[in-house]
Structure formats: structure tokens, C-alpha cells
Amino acid sequence: MASTTNSPSTLLTLPNFSIQTSTFLPKTSRRSIFKKKKPFNFNSKRVVSCKASNGKQNDADTSFLNRFDRRDILLGLGGSLYGATSLVRDPFALADPIQPDLSSCGESTVDTSKACMNVPCCPPKLKDSKIIDFEPPLGCKIRYRPAAHLVDRDYLYKFESAMERMKALPVDDPRNFMQQANIHCAYCNGAYSQVGFPDQKLEVHYSWLFFPFHRMYLYFFERILGKLIGDPDFAMPFWNWDSPCGMTMPQIYLDPYSPLYDENRNLEHQPDVVVNLNDGKSVVKQTKKKDDFDELTKREQIKRNLYVMYQQMVRSSKTASCFHGAVYRAGCWSETDIGCTPEPRGGTIENGAHLAVHKFVGAKNPPYNEDMGNFYSAGRDPLFYAHHGNVDRMWNIWKTLPGKKRRDFDEKDWLNSSFLFYDENANMVRVKVRDCLDSKTLGYDYQSVDIPWLRSKPTPRRRRPGVGQGQDQGQDVAARRKSKNRRGFPIVLDKVAVRIEIPRLKKPKNKDDEEVLVLQNIQLDRNDSVQFDVSINDDEDDDNPCKPEESEFVGSFTNIPHGDCHSESMLSTNLYLPLSEALEDLEIQREDSIVVTLVPKEGEVTIGNIKIDYVC
């Protein structure tokens, strides 16, 4: 198709969509983690309402809408895309939804620990183009995204034709494959500032923006593919990695002569190696040492993955804040405002299976691990879109699971946060979170497949004498506590497991509140691959750490390299792990403390504190 642009972009395209104009700038010094200026602000101190609705919501108060409309006008709803100036914060503003400032878009950066790599990821500058507010399609039939391992030959031909045409579009066409890949780069590696806060970079990961942004990113990508082959009902496949039949890289993406192929993948994980949904590491398929916990057969890994999915989707995601992640609002009044404490924290799936699959697919070429192994380059792999299709499917499934708190936020700062995308007609469209709460409203759903992990509830690794038998239970727990490692904070976790006893709080007035283990002030280098597992009341004399199929296992912390040169080199974050179901399974609800075990798997972190709290 011919480009609708009026001015060519200065970007160039090389084979395999490699970076063309990247430059390396030496980093003369590292910024301290105690420096006041923050890259973005996660307001975790404010009260978060969990009374969400799954439908479109339009109940914003008049004063907020007036301010938001004024910003829209300043952004250039009636003018050119790049005509906006930096906005000044309205002192009477009642809310702070995140918005990208298109006028300030600059090169994304990738922090290599030794130098800054500049990456041109901004959208092409088009003359006389307007920003259109998104309106969900009306009266369209639902198109169903198929599981990638189940598609037939005719579907594959259509999909490959669409992808080939997208890659063949002119380089300055915003619908070109590389330009679409750049969208993820721009929103993830510091290209955009926030509207009204030019010193605050926008980041869509590790917060409540994760699911909405990626849903709409895939939505427009899919619409472009359909437009290119003249099929408005075309639906992209999803990688069904949560089901045994789909736990290997889909075969349709492995043909080197197909437009679905990407050479920057881990060849050791092709073609039939089962993904590890806990940490993304490969497994031994046939031979293994009987005493080696980490080496698994294919069948064992599949079974373990099902327990991991149950852990992340059922046990640990009973509230919106646990599933979606930390609250993320725009800007701050001042550096001393308590509401500006940064807390980049993803939800259970984002921190879990999502990152594990990224690590599993990305090539083994540190420090970048392109393409899927690093956020700036992830969109260059066609498999990325199938992967995030299944991530998006998890959002749909989560809201169907039992539990009255499995509802989206109804916070206006969330509902009115917005993103900018190009549609199938090369128009720039502004989408608000409130527009995409229901995939069916957008005209799509997912092929119905079995969900075996719903039947994979963990069980205690062993019944200890006295547990569950009234008064003997307390004596047994007390005896085990004597041998636990009592350590002060901060804890440096590198190669040796750490055990520490944590007191529990009194039961809150609201019996439905979820008891949560909180690991506070976790500090690590953004550019390091990090993984550690967490369990409770595990036996010290057992040399094998807890596994996801055991009730004592309560979760993991994972990080893949995602630093940009605008951010501090050190990341400080928290980890929230719900405990209620584990406490019931272990029959220790009445105990006044628990023993927490931290098992390092990769990298090094420092943990400032561990406590137990209750969240809505």
C-alpha cells in the first residue's frame, strides 16, 4: 500500500530490522540511587479502590474532564502532532492520569552498564495529521484469535501474507513492521515524557498500565494486518504457553524462510524444548541427575508449569493490585511529597510467566539478549505478538475466576491514562484505558481451549508430625523455628539461601482482606538478570528448595535487563506475595509468625525489609 505520509522519515531500515542509527555514548558516572530526581512515580501511598467494573466507564467528575479537555487542546487535537508545548501542572488538578507527550519524544536509550546506546524509536513526523480519539467499533462480529499450534495451512498462508506486506511497507509508513516494533521501544525505554511533567519519563511496564497498553498495541497491530490483506475479520494467533500442547515455540514461527521468523532467538530452545514458566531457563530433555533439582524432563516441566500458572493466576492474584501491579500516576508536587515514592511493581503474570517467556525466547548474546530478551527490541520478533496475545488472554480469564475482588480498578487516574497508536489507515489515535476493559467491546476474543492449570492446586510437600492436630501443631512449629537463620536487614541475596522469621499481624476487621508477604526495597541493577524464589515454613534439613507444585512455595521475583540512560542504574522495588491460601493449605492460620526462605537462582539483590500486611 502507498504511504499516507507527507514527509519522509530520516530512519533507515536494514535487513532483520537491526538498529540503524544507534550510537554509543560513554557514561561518565553512575547516578546514586539516593538522588532525588526520579524517572517515574508510582504513587503507592494513596488509597486504591477495588470496586471496578468490567464495562466502559464514563463517570469522571466535571472538574477533571475540564482539565483533561484543556490538555487535549494544548496537545493539538486541532493542530499538528508535534505542535504541542510542555504543559504546566494545573494546581487545581484532581487527578493525574499518565499521558505521553508527543512533542517531547526523543531517542530511546539502552543502558549497557558501560555506555548508552541511542535507539530511534519515535513515530515518523507527519504533516497535517490530527490525533483522533478512539471509539470502539460498533455492531461488528467477534473475531476469535486462534491458538498458534492449532492453525491450519490456509490460515498460515493468510497470516504470512499479511506480515510480509507489513514488512514491505515504506520505511516512513507508521504501519511498517519496524515502525510498529518501535512503538514498544518508545514506551519502554524512555522516549516519551509525561504530559505536564517534562522531567518524568513514561514507562508502561511494572505498573497498572501493563495490560491496557499491550492490549491496544496488539489491537492496532492486528487491524493493520487485516487491512493489508483486505480482511477486517482477521485475528492474530496467540501462543498458548499455559497449556501442555503449546509450551514449546510454535512451529509456524520457526521456518527461516517465513516472515514470521526472527534470527535473534535462543537456538537452544528450539524446536521442541518446553518453556520454563517460572524462570525461562531451558531444561534437560532426556538425561538428568537424580539429585539435581534444576534439571527436568519434558513431562516434569510441563507439570511444573501448570502449578506455576495456578500460583500466578489463582493463589496470588485475588485483587486488582496483585494482578495488575502498582498504581502509577503522573508527576509530583515536590520531591518530598509522600505520594511520589516510586514503586515500580508488576502484577503476578507480568513478573512471572510474561518475563519467563521473554527470557526463554531471547538470544543468548549479553548484555542485550535481543530480540525478545530486551524490551527495546522485543517488538522486532513476530513471536512477541503471539506471546502478548496469551498475556492479554490471561486478563480475560482472570476476571472469570471466583472471587469478588477480581475486578479491574475504578480509579480515574487509571481509566483516563492514555496512549497513542497508529491505526490501519495511518491515523494517530489516542486511546484511554477505559476504552479497552473488555476485549469483546473491541471486537475480539480467544479460541476456547482447555485450561488445565485450574486443576493444578499445589499440595504441602510433606505432612509433618503434629501439623493439623491441635496443640501438637504449635510445638512442632516452635521446634523448627529454633534452627532457622535469624538475620537482620538489609539482606544481601546472592548464592546462599536465607531464612528469617517474620511476625504476623492481628487479623483485620475485614475478614476478606488478603494477607500478603511484602519484600520491601528490593535493590538491583536494572541491567542484570535476576531470579529468586520465596517459600514459607519450609524444612531447613531438606536440601531441595520448594517447587511450584508445593504449597510452601509462594512466588518468585524476576528481572530482565531493561535499563535506559534516563533512569537510575539501580532499581528499587517491592514484591507482594499473597499468603491466605498457602496458610490454609499448610494449616498454620493461627501461628503468630512464619519462616520465610529466599532461594537465589540468578543475579544478586539486596532486600531492605520483609513484613506481613493486609491489602484490599
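The values are calculated or read from the model by the stated rules, or taken from the named source; none is laboratory data. Predicted model, so just to flag it, every value in this text is computed and none were measured. Note that we place each Cβ from the backbone using ideal geometry, even for glycine, and neighbour counts take in every protein chain shown. Areas reflect the complete protein model, heavy atoms only, side chains present, ligands, DNA and RNA absent. Shrake-Rupley method; radii C 1.70, N 1.55, O 1.52, S 1.80 Å.
Of all residues in region 98-122, how many are assigned to a loop (DSSP other than H, G, I, E, B), in contact with a strand residue (DSSP E or B) (Cβ under 7 Å, 6 or more places away or on another chain) and at pLDDT below 85?
Kept after step one, since they are assigned to a loop (DSSP other than H, G, I, E, B), are these residues of region 98-122: 98-99, 105-107, 112-114, 120-122.
Remaining after also requiring in contact with a strand residue (DSSP E or B) (Cβ under 7 Å, 6 or more places away or on another chain): 98-99, 107, 121.
When the remaining residues are screened for being at pLDDT below 85, the result is none.
Number of matching residues: 0.
Exactly one of these conditions fails for D445: (1) crowded, with 17+ Cβ neighbours inside 10 Å; (2) assigned to a strand (DSSP E or B); (3) modelled with pLDDT of 95 or more. Give me its number.
It fails just one condition, (1).
Run R145 past the list (1) out of contact with any Leu (no Cβ under 8 Å at 6 or more places or on another chain); (2) of a type in the set (K, R); (3) at pLDDT below 70; (4) surrounded by 14 or more Cβ atoms within 10 Å (Cβ to Cβ) and report the number of the one that doesn't hold.
It is condition (3) that R145 fails.
Quick check on L415: is it modelled with pLDDT of 95 or more, more than 23 Å from M247 (Cβ to Cβ) and of a type outside the set (D, E, K, R)?
When the stated conditions are applied, L415 passes them.
Across region 117-130, what is the total count of residues that are of a type in the set (A, V, I, L, M, F, W, C) and either out of contact with any helix residue (DSSP H, G or I) (no Cβ under 7 Å at 6 or more places or on another chain) or surrounded by fewer than 12 Cβ atoms within 10 Å (Cβ to Cβ) (or both)?
Residues meeting the conditions: 2.
Quick one: what pairs do we get from region 191-203, first residue more than 14 Å from E107 (Cα to Cα), second open to solvent by 10 Å² or more (accessible area, probe 1.4 Å) and in a strand (DSSP E or B), C-beta under 9 Å, 6+ apart or different chains?
As it stands, the answer is Q194/Q200; Q194/K201, since those pairs meet every condition given.
In region 223-278, what count of residues is obtained for those that are assigned to a helix (DSSP H, G or I) and either within 12 Å of M163 (Cβ to Cβ) or modelled with pLDDT of 95 or more (or both)?
12
Out of the residues in region 448-493 that are of a type in the set (D, E, K, R), at pLDDT below 95 and not in a loop (DSSP other than H, G, I, E, B), state the one that is most open to solvent (accessible area, probe 1.4 Å).
D472
In region 157-173, what residues are open to solvent by less than 40 Å² (accessible area, probe 1.4 Å) and more than 28 Å from R430 (Cβ to Cβ)?
Within region 157-173, F159, S161 qualify.
Just the residues that are crowded, with 21+ Cβ neighbours inside 10 Å and without any contact (Cβ under 8 Å) to a residue 60 or more places away in the chain, please, taken from region 204-247.
Listed by number, the list holds a single entry, M247.
For I588, state whether it is under 22 Å from M372 (Cα atoms) and either at pLDDT below 95 or among the aromatic types (F, W, Y) (or both). Talk me through it step by step, then tell me what you get.
Working: under 22 Å from M372 (Cα atoms): no; either at pLDDT below 95 or among the aromatic types (F, W, Y) (or both): yes.
It is false that I588 is under 22 Å from M372 (Cα atoms) and either at pLDDT below 95 or among the aromatic types (F, W, Y) (or both).
Are there any pairs with C-beta distances below 6 angstrom linking a residue in region 154-165 that is closer than 20 Å to G379 by Cβ to a residue that is polar (S, T, N, Q), with the two at least 6 apart or on different chains, and if so which?
Matching pairs, first to second residue: E160/S258.
Can you find a residue in region 80-97 that is buried (at least 22 other Cβ atoms within 10 Å of the Cβ), modelled with pLDDT under 95 and either assigned to a helix (DSSP H, G or I) or not small (G, A, S) (or both)?
yes
Can S593 be described as of a type in the set (G, A, S) and surrounded by fewer than 17 Cβ atoms within 10 Å (Cβ to Cβ)?
The answer is yes for S593.
Scan region 327-350 and give yes if some residue there is at pLDDT 95 or above, of a type in the set (A, V, I, L, M, F, W, C) and crowded, with 22+ Cβ neighbours inside 10 Å, otherwise no.
Yes - at least one qualifying residue is present in region 327-350.
For N369, state whether it is at positive phi, open to solvent by 10 Å² or more (accessible area, probe 1.4 Å) and touching a residue at least 60 places away in the same chain (Cβ under 8 Å).
Here the answer is yes, as N369 does meet what is asked.
What are the pairs with Cβ atoms under 8 angstrom where one residue, in region 505-530, is more than 20 Å from M570 (Cα to Cα) and open to solvent by 40 Å² or more (accessible area, probe 1.4 Å) and the other, located anywhere, is of a type in the set (A, V, I, L, M, F, W, C) and not in a loop (DSSP other than H, G, I, E, B)? Sequence gap at least six, or different chains.
Sorted first by the residue in region 505-530, then by its partner, the pairs are L505/I612.
Conditions: (1) surrounded by fewer than 23 Cβ atoms within 10 Å (Cβ to Cβ); (2) touching a Pro at 6+ places or on another chain (Cβ under 9 Å). K404 meets all but one. Number of the miss?
(2)
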